[in-house]
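Have a look at the structure below before the remarks.
Values in this text are rule-based calculations from the coordinates and carry no lab data. As the structure is a prediction and not an experimental result, all values here were calculated from the model. Cβ: placed from backbone, ideal geometry, glycine included. Neighbour counts: every protein chain shown.
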């Protein structure tokens, strides 16, 4: 069975779709020598940001495209079926408490929660923790990891405060990796690329660190 990674948060604008695309590209580059057909993208968000990115990528003959499907409603069974076909299934859920997010949690190995280093975003994790407890009644092996995303590159104090606040949620594993707010993410996304295919070495290095931590969580690798 392939590994299922769910990108989720009950707030929009935290960078779920961008993280999903960059993880897919990073995995393809670092584990599969650029092959993309072993990674399935699943868009479970009505806004279809991930799906539109994959469609734009198909138009670029210089890069390999990723298989991508859209799912809605109770997607638990379908995700389990797809996990039997691919090495990785990466799911992008809507930025709210949705049926898709809750059902995807029952079929996921890892729920990855990006959060900005702001009090408004961090406070929502309290409700997320209740959702996780419910999901673990049915999927006790679900790993839940949080990382700080879109952080100011010059504000170490803000990052430190955010990490201290995240310690209040022991049911979440706080990752060491911090993804900074970088123009490379916006530019690469607009071209249906990942930062591994862009020219910002710092953005690429941060994404590689995130992938390594994820693999330690669910793959017993690296």
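Once the Cβ-Cβ distance of residue 129 and residue 202 is raised to the sixth power relative to R0 = 25 Å, the FRET efficiency obtained is 0.20. Here each label is just a point 7 Å from Cα along the line to Cβ, and for residue 80 and residue 167 those points are 3.9 nm apart. When peptides 166-172, 19-25 are sorted by average Cβ neighbour count within 10 Å, with the highest value leading, the order is 19-25, 166-172.
The Cα atoms of the stretch 3-217 give a gyration tensor whose axes a ≥ b ≥ c have a/c of 1.5 or more with a/b no greater than b/c, which makes the shape oblate.
Full extension of the chain segment joining residue 119 with residue 47 gains 23.4 nm, where the gain is 0.36 nm per residue of separation less the Cα-Cα distance. Any idea how far the Cα center of the stretch 122-179 sits from the one of the stretch 24-74, in Å? Distance between centres, Cα-based: 25 Å. Measuring r between the beta carbons of residue 70 and residue 99 and using R0 = 22 Å, the FRET efficiency lands at 0.95. Highest mobility in the GNM of the chain, judged by mean-square fluctuation with C-alpha springs under 10 Å and restricted to 104, 94, 135, is found for 135. So how much slack lies between residue 55 and residue 143, counting 0.36 nm per residue of separation and subtracting their Cα-Cα distance, in nm? In short, 28.7 nm is gained.
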